[in-house]
């Protein structure tokens, strides 16, 4: 159990570190990476605006986060809950795969984000 907790903590630290490095890069060069889907098609993908949303949340500017990517902002509590459930189960049991219920939530979120990607381009 301690070994799994250590692995999870290291993975989380790496993820946070990468996020911090990307944030510093954006602040230094003044812009983030371009979305390849947007560059190729001119359309917004479901993830477009995630960087702006995260930066707005770091400033505690929920209105700007909403404008950047409302769908992800609404889904964040569900995503965080799923991640926490899976992390706790992994530490306790070593099981890495999601439960059936979690799989259903993942599929529902996939459909939700795909619908968001279509709607945000239709509505302008």
Point to revise | In the range 82-104, the residues that are surrounded by 11 or more Cβ atoms within 10 Å (Cβ to Cβ), out of contact with any helix residue (DSSP H, G or I) (no Cβ under 9 Å at 6 or more places or on another chain) and over 18 Å from residue 4 (Cα atoms) | key: 103, 104
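Which of the following residues is assigned to a helix (DSSP H, G or I) and farther than 22 Å from residue 87 by Cβ: 27, 44, 15? Talk me through it step by step, then tell me what you get.
On the way: 44 fails: assigned to a helix (DSSP H, G or I); 15 fails: farther than 22 Å from residue 87 by Cβ.
Of the residues listed, the single one that is assigned to a helix (DSSP H, G or I) and farther than 22 Å from residue 87 by Cβ is 27.
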Exercise for review: Hey, could you check the range 2-23 for residues that are surrounded by 10 or more Cβ atoms within 10 Å (Cβ to Cβ) and over 18 Å from the mean Cα position of the chain (by Cα) and say which is nearest to residue 94 (Cα to Cα)?
Suggested key: 4
Revision key, fill the gap. Exception for residue 64 within (1) touching a helix residue (DSSP H, G or I) at 6+ places or on another chain (Cβ under 7 Å); (2) assigned to a loop (DSSP other than H, G, I, E, B); (3) within 30 Å of residue 122 (Cβ to Cβ); (4) free of Cβ contacts under 8 Å to residues at least 24 places away in the same chain falls at (2)
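Out of the residues in the range 28-50 meeting the condition of being without any contact (Cβ under 8 Å) to a residue 12 or more places away in the chain and surrounded by 11 or more Cβ atoms within 10 Å (Cβ to Cβ), tell me which one is farthest from residue 95 (Cα to Cα).
Narrowing the range 28-50 to residues without any contact (Cβ under 8 Å) to a residue 12 or more places away in the chain: 28-31, 34, 36-42.
Within this subset, residues satisfying the condition of being surrounded by 11 or more Cβ atoms within 10 Å (Cβ to Cβ) are 37-38, 41.
Values: 37: 34, 38: 37, 41: 40 Å.
Filtering first and then ranking leaves 41.
Read-outs throughout are calculated quantities, based only on the coordinates presented, and are distinct from any laboratory measurement. In this text, all values refer to a predicted model and were calculated from it rather than measured experimentally. Glycine also receives a Cβ, built like all others from the backbone with ideal geometry; neighbour counts cover every protein chain displayed.
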